[in-house]
1. Note the full-extension length gain between Glu12 and Ser259 as 0.36 nm times their separation in residues minus their Cα-Cα distance, in nm to one decimal.
2. For Arg272 and Leu54 in one chain, what is 0.36 nm times their gap in residues minus the Cα-Cα distance, to one decimal in nm?
3. Neighbour counts of other C-beta atoms within 10 Å: give me Trp100, Trp238 arranged from fewest to most.
4. What FRET efficiency, computed as 1/(1 + (r/R0)^6) with R0 = 30 Å and r the Cβ-Cβ distance, is obtained for Glu152 and Met286, rounded to the nearest 0.05?
5. In which sequence would Thr113, Thr217 go, from the one with the fewest C-beta neighbours within 10 Å to the one with the most?
6. Given the Cα-Cα distance of Glu298 and Arg126 and 0.36 nm per residue of separation, how much length would full extension add, in nm?
7. Based only on other Cβ atoms within 10 Å, what is the fewest-to-most ordering of Leu162, Leu91, Leu77?
8. What GluC sites (Glu not before Pro) in the range 224-285 are in a loop by DSSP, with at most 13 other Cβ atoms within 10 Å of the Cβ?
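What follows is calculated from the coordinates using simple rules that are stated; it is not laboratory data. Only a predicted model underlies this, so the values are computations on that prediction, with no experimental measurement involved. As a convention, Cβ positions derive from the backbone with ideal geometry for all residues, glycine included, and neighbour counts pool all protein chains shown.
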Amino acid sequence: MAKLLAPGGSLEMACMVLEEGAEAVYVGSRGWSRRRSNLEMADEEIEAVCEFALPRSREVRVAVNTSPSSSELPLLLRKVERYANWGVSGLIMTDLGCIWRVHRAFPHMHIHTSVGCAIINLEAIRVFRQAGASYVLLPYHLSVEELRAIREQVDTGLELFLLEPKGRGVLCPGKCTMSSYFNMEFHVDEEGKNHFIGSSNRGGSCYRLCQLEWELTVDGRPWPTPVHWRLDPELVLWELPDYLSIGIDYLKIQGRERSLDLVRDIVRFYRRVVDAIEGAGGAARMDAFAGQWRNLVERWREERGTRIQVLAAEAEAREQVYGRS
C-alpha cells in the first residue's frame with residue numbers, strides 16, 4: 001500500500017499533516033536542507049515532531065539533502081545520530097558519498113534519494129541502491145509505462161511526487177548553480193556548519209531565479225514573450241490508480257512553502273482519493289474527484305503567483321545592493 005509523505009514546513013504544519021492522514025512527514029534540517037531557513041527546522045523542533053509522530057505510529061523523514069564538504073561530514077553524522085535517537089526513521093539525501101557513509105554508520109535508517117539526485121535511468125537507480133538508498137524518488141515527467149518498466153526491473157523502493165510538469169524546463173532540479181553566481185553569503189552557525197546562503201546545494205536555499213520572468217534578446221531584438229527557465233508542476237489526479245497498481249511505495253506531496261490551509265486540504269484530498277482507490281481494488285473513478293481537484297489546482301497556482309511576486313521583489317532588492325550579475 002502506498003504511503004502519503006507530506007510536507008512539514010513548520011512544526012504546526014508537520015503535526016497537522018499527520019493528523020490529516022499522512023503516514024509520514026518530511027522536514028528540513030536547518031542548514032542541511034535545500035529550502036529557505038524559515039521552512040527548515042531547528043533540532044528541538046524536529047525532536048518535537050518525533051514526540052508527536054511516534055505515539056501515532058507515524059514516520060518522520062528529515063531532509064539532509066545538501067552536498068557537504070569533507071570537513072562537514074562529521075557534523076552530518078552527529079546530526080543523524082541525534083535524529084536516530086529521537087526516532088527519526090528515514091533521511092532524504094542527495095550526495096552519493098554521504099548516502100554510502102550514512103548507510104554504513106546507520107544501516108537501519110531508511111534513505112530516500114532527493115530530487116537533486118536527478119535519477120532517470122535504471123543504472124542510476126542501481127548505483128544509488130548499492131550505496132544504500134532504500135527509496136528512489138523518480139522524476140515526474142516519466143510516463144506510466146516507463147514507471148511500470150522500472151518497477152519490474154528493480155527491487156528498490158520507489159517514490160513519486162504527486163505533481164505533473166507544465167511545460168518543459170531546461171534546468172534540472174538540484175543541479176542548478178544560478179543563485180550562487182547571483183549572490184552568495186556565508187554564515188557559520190554555532191555547530192560549525194556554513195549555511196552558504198544562496199546555494200541550495202550547500203544548505204542555504206536558492207533565490208528561485210528560474211521561476212522569475214526573464215527578458216530574452218535574440219540578435220539584438222527582444223523576444224516577444226517573457227521566458228521561464230522552469231515552471232512549477234501541478235497536482236496530479238488521473239494517474240493515481242496506475243501509480244498504485246504499479247506499486248509505488250511513497251506518494252510525496254510538495255508544499256513546505258505553501259499555506260497551512262492549502263496543505264491541509266491537499267492532504268485531506270489525497271487521503272480520500274488513495275483510500276477510495278484501494279477500497280475499490282484500483283477501480284475507483286477519478287472523475288468523482290475532478291471538481292475538488294480543479295479547485296486545489298487553482299489555489300496552488302494562485303499561491304505560486306503570490307510567491308513569485310515575493311521572489312521578484314527580493315531579487316530586485318538584492319540587485320540594488322549587489323548590482324547586476
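1. Result for the pair: 87.8 nm of gain on full extension.
2. Contour length minus the Cα-Cα distance gives 76.2 nm.
3. Lowest count first: Trp238, Trp100.
4. Calculated value: 0.80.
5. Values: Thr113 27, Thr217 8.
Listed from fewest to most nearby Cβ atoms, that is Thr217, Thr113.
6. Numbers: separation 172, 0.36 × 172 = 61.92 nm, distance 3.79 nm.
Full extension of this stretch gives 58.1 nm more.
7. Details: Leu162 26, Leu91 29, Leu77 16.
Listed from fewest to most nearby Cβ atoms, that is Leu77, Leu162, Leu91.
8. Filter output for the range 224-285: empty list.
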